[in-house]
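Please treat every number below as a calculation from the coordinates, not as lab data. Fair warning: this is a prediction, and the values are worked out from it, not measured in the lab. Positions of Cβ are generated from backbone atoms using ideal geometry, with glycine treated the same way; all protein chains shown enter the neighbour counts.
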Amino acid sequence: MSTESVDGDAETPVKVTESAASEALSLLESEGLDTDVAGLRLFVQQGGCAGLSYGMRFDNEPEDDDAVTEHHGLRIFVDPASRRYIGGSVLDYEGGLQAAGFHVENPNVVSECGCGESFRT
């Protein structure tokens, strides 16, 4: 497992905007997790009408084979199987009354379902 700090130009599985990192760090801290070790796991799973969907959860530490990167102080964990589907993606956070939450902008997507919850590469 390797950890790299990212300024935005490095080749990474996923990039994270400052607003997404800030929101995730706030949530990590509210869960009582150590932000120096714990992080946000971004993964792809089977499901949805288009075949694949994104998943996110907090993990106390990365797995041995995870790609681990740090963006604006937030550690991101991506497993090898998910990397091939989400490489080059950007994780963003949008606040507001409608469509608030984390969003993945994935350049590998060739189609999405009508509701935008699942995708196909």
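Structure summary
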{"item": "For residue 52, residues with placed amide H under 5 Å, excluding near neighbours", "result": "47, 119"}
{"item": "Integer Hz, Karplus 6.51/-1.76/1.60 couplings in order for segment 18-35, x for Gly and Pro", "result": "4, 5, 5, 4, 4, 5, 5, 4, 4, 5, 4, 5, 5, 8, x, 8, 7, 5"}
{"item": "Estimated FRET transfer efficiency (residue 94, residue 57; beta-carbon r; R0 22 Å; 0.05)", "result": "0.65"}
{"item": "Within-10-Å neighbourhood charge of residue 37 [Cβ basis; K, R +1; D, E -1]", "result": "-3"}
{"item": "For segment 92-101, Karplus couplings with θ = phi - 60° (6.51, -1.76, 1.60), whole Hz, Gly/Pro x", "result": "10, 10, 10, x, x, 7, 10, 6, 6, x"}
{"item": "Residues with amide H under 5 Å from that of residue 75, placed H, sequence gap 5 or more", "result": "40"}
